[in-house]
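Only one structure is covered here, and it is reproduced in the block below.
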Amino acid sequence: MKAASDALSRTKELEARAGEIRRIQFGRRILRLTDSPLSLTMWQDVATNAPDGLKQIGMVLSDWWSRIADKTMFLLLIIAAIAAGGGMTYISKLGINYFRRGHESEPPSEWRRGTTAGWVIFMRVLPVTIAIAGLYYALKSLELLPPPAVEVMTSATIAIIIVAVVRAVAKTVLAINYSQWRLLPLSDQGALTLYYHLVALAVIYGVDIFISSLNHAAIIQFSLTEAQNAIASISVAGIIISMLRIKASNGDVGSEVHRIGPQYLRIPLWLIALTILASAAAGYIPLARFITAQLIITSTVIIIVYLLSYWANSFGQSLADDESMVGLWLRDQVGLTQERREKLVLPITLLLKVLVILSAVPFIMFLWGFDAHDIRRWVELALFGFDLGNFKISLTGILGALAVFVGAYVAAGIFRVWLDRNVLEPAHVEGSVRDSVRAAVGYLGFILAAIAAVSYAGFDFSNLAIVAGALSVGLGFGMQSIVNNFVSGLILLAERPIKVGDWIVVGEEEGIVRNIHVRATEIETFERANIIIPNSQLISETVKNRTLYNNTRRVRIPVGVHYDSDPDQVRDILLAVANEHSQVLSVPEPFVFFDDFGDNSLNFALYVYLANARQSFSIQTDLRFAILKAFRANGIEIPYPQTDVHFRDIDWIKRAVMERMMKSAVEAAAAEASAKQPDRSPPNEEKEANDSDGDGGGNGNGGG
């Protein structure tokens with residue numbers, strides 16, 4: 001064991017040294033300084049070496065062709081691959097039309113656009129991939145390729161597949177033919193322009209891969225390779241800058257024209273493009289080519305991750321839609337309602353997104369220069385744990401603990417349902433007792449599930465002594481009210497002074513108890529409002545429970561009658577009305593009190609006992625209707641409020657009224673006599689008479 005431990009230590013040291021050497025060599029390779037594309041020296045070397053380079057490539061290709069044993073089979077395989085690719089492309093178009101149905105009048109829903117996008121991309125990539133990969137493996141298996149040509153054919157296959165994938169993804173996302181299936185808010189012109197830019201990027205990158213492999217096989221001059229890398233890098237940077245300058249709207253009429261892409265993507269792309277140009281101009285062409293390759297491949301992976309995340313959202317939305325196959329199956333076969341299916345959308349969507357991101361991380365790490373050994377070692381550390389102080393954190397342990405908790409909690413829930421249906425219900429246990437037992441079993445199951453999960457995760461319960469000491473301080477201060485409510489909730493479940501379904505009055509609030517939780521109790525008022533009352537308030541304060549032991553209730557109906565009414569007749573009518581109602585108990589029997597002699601009426605009160613307190617309001621209404629009808633039928637009047645007004649000096653009031661009446665009579669007689677006399681005065685005299693004050697104003701007050 002000691003020797004094995006020493007060997008393992010030496011292996012780790014050698015591994016670390018090898019990794020360090022590899023990183024140093026990688027850094028030296030991409031930071032190698034060459035001639036700048038802005039210098040004439042580089043292009044003079046290219047012009048000088050270009051004829052020799054083309055001649056070398058021609059000689060290599062001629063040598064390969066001469067070494068092919070069966071040239072006829074070679075050409076037939078190429079023709080067969082082209083024919084197979086064309087036939088599968090036609091079939092894929094039929095499948096795409098089936099999935100997308102581009103001629104539909106109504107636009108498809110969001111989840112349908114997302115779920116069909118993956119299938120459409122797959123069907124567009126599949127023909128080219130099968131054709132070129134089949135041709136490659138056929139040529140290689142039949143030994144129709146010379147050994148030096150295998151590397152070039154491999155690069156050509158990879159380049160064609162990259163172009164096909166980028167084209168399929170761009171055409172599907174941008175939907176240049178059918179805008180209703182477009183996943184991005186762009187106009188037709190903006191989507192078409194962006195599509196051409198993306199395809200151009202893929203073509204440049206694919207051609208660069210193929211030419212680099214061909215140059216390596218032909219061993220051409222270094223200056224030609226550097227020129228090719230510089231041209232490819234600068235072309236990619238130029239296309240990115242041109243793409244960032246595309247103006248487009250979201251496709252709506254009258255919408256504002258803006259640059260495509262959100263700002264948090266535009267700024268990094270601008271920085272990357274300018275970095276590529278600056279590196280190439282400074283002579284760091286390997287660095288520019290490395291950044292270009294990482295940009296294209298990493299962007300492709302990120303776009304695929306985005307599409308898979310979009311598909312996860314769409315798949316989650318389809319669960320709650322009855323038009324989708326999954327939603328229809330969950331409704332008909334599993335029996336899930338739409339509300340329960342909507343609750344599944346969020347956890348399933350989050351789980352799918354996490355799986356997509358975790359699956360993409362190793363690919364991105366591999367593209368960034370990490371080898372398979374480093375990735376495998378990090379995955380092992382993440383899955384099987386790493387030490388953090390005195391604790392060991394592992395993803396498998398966390399997932400296992402979560403699975404144990406979920407399993408134990410679900411098992412406790414199943415046991416609670418079984419106990420209620422097979423033990424408590426057949427035993428005719430009271431409903432409130434069943435509620436208390438179900439709540440207690442639920443709390444106990446949660447606690448046991450938490451303990452089991454923590455134990456599986458490797459938590460040492462000896463550390464609980466420290467935690468308990470800290471909690472004791474916290475309970476004395478900040479958690480006092482929480483613990484008070486928790487203990488009060490346990491008391492309510494044990495003593496059951498309040499049960500689910502009781503009609504209680506707490507202060508100014510009145511309603512039906514709907515749920516009793518550990519911390520608070522939920523009450524539903526008669527206005528359909530839900531009130532949350534802390535359990536400590538129900539224990540420490542006065543609570544009126546109208547239905548604690550039974551549902552019977554006594555109600556009082558006051559009524560006032562005229563003083564001329566017969567009290568005995570009123571009493572008999574009230575008792576008769578009460579006894580005729582079917583919901584009024586005969587034992588205890590109704591009775592009537594003669595309350596008092598009121599200011600305007602004789603006040604009586606009818607007392608009745610009801611079998612169901614929850615119907616008290618409707619029964620009181622029925623009794624009042626019946627009392628009013630019976631009083632009217634027997635001529636008993638319910639009086640209005642009356643008020644007597646007494647004056648202290650009534651004789652003075654009489655004299656004042658008589659004087660006012662006499663004065664009014666005299667004025668009326670004088671006015672009548674004046675109206676009967678004829679008017680004989682001339683017009684001028686009439687004017688002078690009206691203007692008796694001599695000022696011409698006619699106001700009769702002499703100018704005053």
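Just so you know, all these numbers are worked out from the coordinates, no wet-lab data involved. All of these numbers come straight from a predicted model, not from anything done at the bench. Counting neighbours? That spans all protein chains shown, and the Cβs are built from the backbone with ideal geometry, glycine included.
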Quick one: Cα convex hull volume of region 73-232, Å³ per residue?
-> 117
Please compute the net charge surrounding TRP503, taking Lys and Arg as +1 and Asp and Glu as -1 over other residues with Cβ under 11 Å from its Cβ.
-> +2
Computed FRET efficiency, Cβ-Cβ of GLU589 and GLU667, R0 51 Å: what is it to the nearest 0.05?
-> 0.10
Please sort 606-619, 189-202 by packing, taking for each peptide the average over its residues of neighbouring beta carbons within 10 angstrom, highest first.
-> 189-202, 606-619
Rounded, prolate or oblate: which fits region 592-680, taking a ≥ b ≥ c as square roots of the Cα gyration tensor eigenvalues, rounded meaning a/c under 1.5, else prolate when a/b beats b/c?
-> prolate
Among the lysines, which have Cα under 28 Å from the Cα of LYS654 when same-chain residues fewer than 8 positions away are ignored?
-> LYS663
Stokes-Einstein D for region 269-344 at 20 °C, 1.002 mPa s, Kirkwood Rh over Cα pairs, in µm²/s?
-> 137
Got a sec? Charge dipole of region 613-680, +1 on Cβ for Lys and Arg, -1 for Asp and Glu; which of ALA633, TRP652, SER674 is way out at the positive end?
-> ALA633
With a ≥ b ≥ c taken as the square roots of the eigenvalues of the C-alpha gyration tensor of region 26-115, please select rounded if a/c is under 1.5 and otherwise prolate if a/b is larger than b/c or oblate if it is not?
-> oblate
Rg/Rh for region 131-199, where both radii come from Cα atoms and Rh is the Kirkwood radius = 1.23
Inter-probe distance in nm under a simple model that places probes 7 Å from Cα toward Cβ, at ILE219 and GLN25 | 2.0
Kindly provide the pair-distance distribution of region 1-160 built from C-alpha pairs, with 5 Å bins from 0 and whole-percent values in order of increasing distance.
-> 1, 7, 8, 9, 8, 9, 9, 11, 12, 11, 8, 5, 2, 0, 0, 0
Which order do peptides 3-15, 547-559 fall in by mean Cβ count within 10 Å, highest first?
-> 547-559, 3-15
Taking only Cα atoms of region 541-581, radius of gyration then Dmax in Å = 16.1, 48
Read phi for every residue in region 212-222 and hand back ³J(HN,Hα) as whole Hz from Karplus 6.51 cos²θ - 1.76 cosθ + 1.60, θ = phi - 60°, with x for Gly and Pro.
-> 4, 5, 5, 5, 5, 5, 8, 6, 7, 5, 5
Which order do peptides 576-586, 415-425 fall in by mean Cβ count within 10 Å, highest first?
-> 576-586, 415-425
Using alpha carbon coordinates only, what is the Rg to Rh ratio of region 179-325, with Rh defined as the Kirkwood radius?
-> 1.08
Taking a straight Cα-to-Cα line shorter than 19 Å from LYS343, and setting aside same-chain lysines fewer than 8 residues away, one finds LYS353
Take the eigenvalues of the Cα gyration tensor for region 495-599, scale each by 5, and report the square roots as semi-axes in whole Å, largest first.
-> 39, 16, 12
